[in-house]
Amino acid sequence: MEQELNYTHEDLKGTFSVKLANNQTLDDFCAEHILEYNRDRLEAIAIRLYVGAETIVTVYALDRIRQENTTMKPDKLPVKKFKITTLTLQDMLSYMQGFNVTLSTGNYDLDDMDVINR
């Protein structure tokens, strides 16, 4: 399973795709690390990893019950945010079989590139 993350920060922005190890899913990760994670009610749809002075893993999970009975705008998804601060970068890497990162300055659209030295 591949998860793709688009993230903008500081000088570079880009995409980060991950091949999860051992046929795990993002839901498997959440069930293991978030005590109140209920697979019947929640569906993990995004994950953010911050590594700096500390490591913070933030998971965004769709609340299926709130989606069905909500007063939110119909074009918005009701998500719960969970922060995990007990994992290190090394811990996170153990969940990855591999990953691919592309970063750019943002001065040009990467879709407009034409590689000339193939």
TODO: Being at pLDDT 95 or above and either touching a helix residue (DSSP H, G or I) at 6+ places or on another chain (Cβ under 7 Å) or under 15 Å from Glu32 (Cβ atoms) (or both) is the filter; apply it to region 74-87 and report the residue that is surrounded by the fewest Cβ atoms within 10 Å (Cβ to Cβ).
DONE: Thr86
Open item on the list: Which count do you get for residues in region 88-118 that are more than 25 Å from Asp11 (Cβ to Cβ), in contact (Cβ under 8 Å) with a residue 60 or more places away in the chain and in a loop (DSSP other than H, G, I, E, B)?
Closed with: 2
Open item on the list: Going residue by residue through region 61-76, is there one that turns out to be within 20 Å of the chain's Cα centre (by Cα) and of a type in the set (Val, Ile, Thr)?
Closed with: no
- [ ] Could you tell me whether Ala44 is within 18 Å of Tyr95 (Cβ to Cβ), modelled with pLDDT of 95 or more and in a strand (DSSP E or B)?
- [x] yes
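The values are calculated or read from the model by the stated rules, or taken from the named source; none is laboratory data. These numbers come from a predicted model, not from an experiment. In this analysis, Cβ positions are derived from the backbone assuming ideal geometry, glycine residues included, and neighbour counts consider all displayed protein chains.
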